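First up is the structure itself, then whatever we jot down about it.
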Amino acid sequence: MTSSPEGPADGPPAEPPPAELPSVAPRLRDLRRRSGLTLEAAARLAGLSPAHLSRLETARRQPSLPMLLALARTYGTTVSDLLGEVSPERDPILRADRTAAWEAGGWTYWRTGSPGRAMQALRVHVPAGTGPQENLVRVHPGEEWLYVTQGRLRLTLGETVHVLGVGDAAHFDSLTPHRIAAASPGGTDLLFVHTLLQSGTADLCLGDAVRGGRHQAP
């Protein structure tokens with residue numbers, strides 16, 4: 001008995017063709033812009049040519065899985081995020097009694113926002129003194145906003161030094177060289193919001209605290 005071109009009638013059914021990947025072009029373009037990377041810089045980090053990355057961002061090419069992995073690493077996210085897969089709904093409420101403090105580099109932090117969001121919010125205590133944090137000038141993609149709730153804060157933006165008191169706020173581009181220090185003997189408390197976790201270069205600012213699953217200050 002001969003088999004038909006489709007295979008023997010009693011054999012396993014033919015596998016359906018694999019589903020096409022959802023278009024990731026808009027997401028790739030958005031993540032690169034949020035990261036503050038040019039097309040050339042992002043392509044270099046991902047091991048692609050600028051022309052190839054441009055075709056991916058305009059949906060003229062579909063990325064392979066290795067490309068998705070490389071691009072996810074470049075933008076500091078996951079393949080699931082690139083593909084637009086929806087994660088379980090996050091609880092929008094953070095109760096004070098469930099927010100633990102941790103220390104990094106002498107500063108104390110409390111998470112005041114949900115992880116994995118485009119914006120990350122923290123409550124921070126900056127102690128008085130001249131530790132390594134106070135001498136560190138940071139430059140990285142993203143935006144930062146801070147609001148002083150206690151004490152006085154010395155904020156250096158480029159060559160300009162600002163002293164902020166209770167109720168004062170600052171909102172600046174993180175590519176501006178910046179440095180933060182307490183300007184009062186008892187230290188300074190502030191609320192801090194940043195977007196730098198969307199950047200593939202977040203480690204330049206956050207260091208060991210973010211690599212351990214926690215966030216370091218601005």
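Once a ≥ b ≥ c are taken as the square roots of the eigenvalues of the Cα gyration tensor of the stretch 93-197, is the result rounded (a/c under 1.5), prolate (a/b larger than b/c) or oblate (a/b not larger than b/c)?
Numbers: a/c = 1.63, a/b = 1.20, b/c = 1.36.
Oblate, since a/c reaches 1.5 and b/c is not below a/b.
Figure the gain on full extension for LEU94 and THR108 (residue separation times 0.36 nm, minus the Cα-Cα span) and round it to one decimal in nm.
Full extension from LEU94 to THR108 adds 3.2 nm.
List the residues, sorted by chain then number, that are 5 or more residues from TRP102 or on another chain and whose placed amide H is less than 5 Å from its amide H.
For TRP102, whose amide H was placed from the backbone, the distant partners under 5 Å are TYR109.
Ratio of alpha-carbon Rg to the 2.2 N^0.38 Å globular estimate for the stretch 24-83, to two decimals, please.
0.93
Over the stretch 96-195, with every protein chain in place, what whole percent of the accessible area is carbon and sulfur at 1.4 Å, could you tell me? Show your work: numbers first, answer last.
On the way: 2710 of 5020 Å².
Whole-percent figure for carbon plus sulfur exposure: 54.
Using the Karplus equation 6.51 cos²θ - 1.76 cosθ + 1.60 (θ = phi - 60°), what ³J(HN,Hα) coupling, rounded to whole Hz, does each residue of the stretch 135-151 give in order, writing x for Gly and Pro?
Each residue's phi maps through the Karplus curve to give 8, 8, 8, 10, 9, 6, x, x, 10, 9, 9, 9, 9, 7, 10, 7, x Hz.
Name the residues whose placed amide hydrogens come within less than 5 Å of the amide hydrogen of HIS162, ignoring near sequence neighbours (fewer than 5 apart) on the same chain.
LEU155, THR156, LEU157
Carbon and sulfur atoms: what percent of the 1.4 Å accessible area of the stretch 24-83 do they account for?
Carbon and sulfur atoms account for 55 percent of the accessible area of the stretch 24-83.
Hey, rough spin-label estimate for VAL79 and THR176, points 7 angstrom out along Cα→Cβ, what's it come to in nanometres?
Each label point lies 7 Å from its Cα, and together they span 4.1 nm.
The values are calculated or read from the model by the stated rules, or taken from the named source; none is laboratory data. Keep in mind the model is a prediction, meaning the values are calculated, not measured. In this analysis, Cβ positions are derived from the backbone assuming ideal geometry, glycine residues included, and neighbour counts consider all displayed protein chains. Please note that ligands, DNA and RNA were not included when accessible areas were found on the heavy atoms of the full protein model with its side chains. Shrake-Rupley method; radii C 1.70, N 1.55, O 1.52, S 1.80 Å.
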